[in-house]
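Written below as structure tokens is the structure these notes are about.
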Amino acid sequence: MIIYGLALLSVSFILGQWIGELLGKLLGINANVGGVGFSMLILMVLKEVFERKGWWKGDLVLGIDFWNKMYIPVVIAMAASLNVKSAISSGNLALLVGIIPVFFGFAFFPVLLKNFKQ
Amino acid sequence: MEELLKVIDKNGLIVGFLCVGILSLFSHWVSKNLLKSKIPGSAIAIFLGLVLGYLGGFFTGGTKGISDIEIFKGIGFLGGSMFRDFAIVATALGASYLLVKRSGFLGMLSLVIGILIFFTSGVLIAFAWGIRDPVSLCTIGAGACTYIVGPVTGAALGASSEVIALSIGAGLVKTIAVTIFTPLFAKKIGLDSPGSAMAFGGIMGTSSGVAAGLAATDPKLVPYGAVTATFYTGLGCLICPSLFYLILELIFV
């Protein structure tokens, strides 16, 4: 049943977001700390368990795979509903602070990989 | 015509599916026929999405891009945080838990280094611009991290609303810059494996930008980048208004 997969994805999502909220509260900040990351880890662990039990097959996987493949369309919709106008017109300082550090990030990335790659 | 508008108005999300579908079809056609597949169709589609976002703001003066135009409001729902996060979690389907665990240390390390790079360079640029008070410097540096860390930090420190708006603007520019530059630089910087994608998510942090940039580079890398990037905003909200602010205060007061 396709809904089993969807429900599995949903339970991972809700639990992960909950952990993120709790962690945020625990740290005393008004933000969700890694909710999506925890959700992903939960889903990966559930996948391992289900594969071992032989339940990871057929329609169940399709229910999750649909949203996996919907990812790029959702990102396109997200890009189209960003406040691009205000980002571009929020002044030269915002443009500089938004762009220059990104280049530092790109420049530093190979250094990090070189020094810490297993 | 009135009837059609009524149907469109009542079924926003479905209209969103249709619009994104048409945009994707067009983008893949452009990629294949005009650009000889040198730039992936999804990268073009995401870029065109940004252009639509700009046009939406231009014509309506609103804050939600194209979805501020009434008939396109479903695009905003489809691209909103609920569906975005749900779809990102679903990409974990293609990720291997073992690979994530093996690169976990590199991912966490890159998170800390990433926040340091963006905060420090943001503060330095604002300083060079002539800003001297630690609250504004800290808020702008936080805005260089993500468009959420900026206002959270600004609110916590009591920054002026102009500075908070500026920090949101900087964070948005960063998201767009990462989206556009990731597919262009990916090969050059060695962004080609699950481990490197996890480190990349940690360095860049903006989950929307990392996710969109990796989607345009190689969709297989998306879950690995996303799994670390999602911790960035939380970590930034934690250390920017506390530790980093204390350090700035020591320097500037």
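Each value in this text was obtained by applying a stated rule to the coordinates, not by laboratory testing. Fair warning: this is a prediction, and the values are worked out from it, not measured in the lab. Virtual Cβ from ideal backbone geometry, glycine too; neighbours counted across all protein chains shown.
Each residue of the range B:188-197 was assigned a 3J(HN,Hα) from its phi angle through the Karplus curve 6.51 cos²θ - 1.76 cosθ + 1.60 (θ = phi - 60°); the sequence is 4, 9, x, 8, 9, 9, x, x, 5, 5 Hz, with glycine and proline shown as x.
Within a 10 angstrom radius of each residue's Cβ in B:74-81, how many Cβ atoms of other chains show up on average? Whole number is fine.
On the way: counts 2, 6, 5, 2, 8, 10, 4, 3.
Mean shielding by partner chains, rounded to a whole number: 5.
For the range B:11-20, putting each phi into the Karplus relation 6.51 cos²θ - 1.76 cosθ + 1.60 with θ = phi - 60° gives couplings of 10, x, 4, 5, 4, x, 4, 4, 4, 5 Hz, in residue order, rounded to whole numbers and with x for Gly and Pro.
Computed over the Cα atoms of the protein assembly as shown, what is the ratio Rg over Rh, Rh following Kirkwood? Write down the numbers at each step before the final one.
On the way: Rg = 20.2 Å, Rh = 20.8 Å.
In the protein assembly as shown, Rg relative to Rh is 0.97.
Dipole magnitude for chain B: about 800 debye, using +1 per Lys or Arg Cβ and -1 per Asp or Glu Cβ, origin at the Cα centre. Rounded if a/c is under 1.5, else prolate if a/b beats b/c, else oblate: with a ≥ b ≥ c from the C-alpha gyration tensor eigenvalues square-rooted, which is chain B? Oblate, because a/c is 1.5 or more while a/b does not exceed b/c.
Rounded to whole Å, give me the distance from the Cα center of the range B:230-248 to that of the range A:67-98. Taking the Cα centre of each part, the range B:230-248 and the range A:67-98 sit 23 Å apart. Return the subset of B:10/B:220; B:38/B:188; A:114/B:101 for which the Cα-Cα distance in this structure is over 24 Å, preserving the input order. The answer is B:10/B:220.
Rounded to the nearest 20 debye, the dipole size of the protein assembly as shown about its Cα centre is 980 debye, using +1 on the Cβ of Lys and Arg and -1 on the Cβ of Asp and Glu. The spacing between the range B:62-86 and the range B:162-220, judged by their C-alpha centroids, is 21 Å.
Which whole number gives the average, over all residues in B:230-239, of C-beta atoms from other chains lying within 10 Å of the residue C-beta? Show your work: numbers first, answer last.
Details: counts 11, 8, 2, 6, 11, 5, 2, 7, 7, 1.
Per-residue shielding by partner chains comes out at 6.
Take each residue of peptide B:90-103, count the partner chain Cβ atoms within 10 Å of its Cβ, and average: the result is 6.
The ellipsoid that matches the Cα gyration tensor of the range B:2-79 has semi-axes, each √(5λ) in whole angstrom, of 25, 15, 9, with the longest given first.
Taken over the Cα atoms of the range B:173-253, the convex hull encloses 101 Å³ per residue.
Here is the link list: A:25/B:6; A:69/B:187; A:25/A:85; B:6/B:36. Which ones come out longer than 32 Å on Cα distance?
Values: A:25/B:6 44 Å; A:69/B:187 24 Å; A:25/A:85 34 Å; B:6/B:36 41 Å.
From the list (A:25/B:6; A:69/B:187; A:25/A:85; B:6/B:36), the Cα-Cα distance tops 32 Å for A:25/B:6; A:25/A:85; B:6/B:36.
Using the average count of surrounding beta-carbon atoms within 10 Å as a protection proxy, the listed peptides A:43-52, A:70-79 rank, highest first, as A:70-79, A:43-52.
Straight-distance candidates among the aspartates and glutamates for linking to residue A:47, with alpha-carbon spacing under 17 Å and chain neighbours fewer than 8 residues away dropped: A:59, A:65.
If you average the sequence gap of Cα pairs under 8 Å that are 6 or more apart and divide by the length of chain B, what percent do you get for the contact order?
On the way: 386 pairs, mean separation 47.0, N = 253.
Normalised by residue count, the contact order of chain B is 19 percent.
Here chain A is assigned +1 on the Cβ of each Lys and Arg and -1 on the Cβ of each Asp and Glu. Its dipole about the Cα centre then comes out at about 220 debye.
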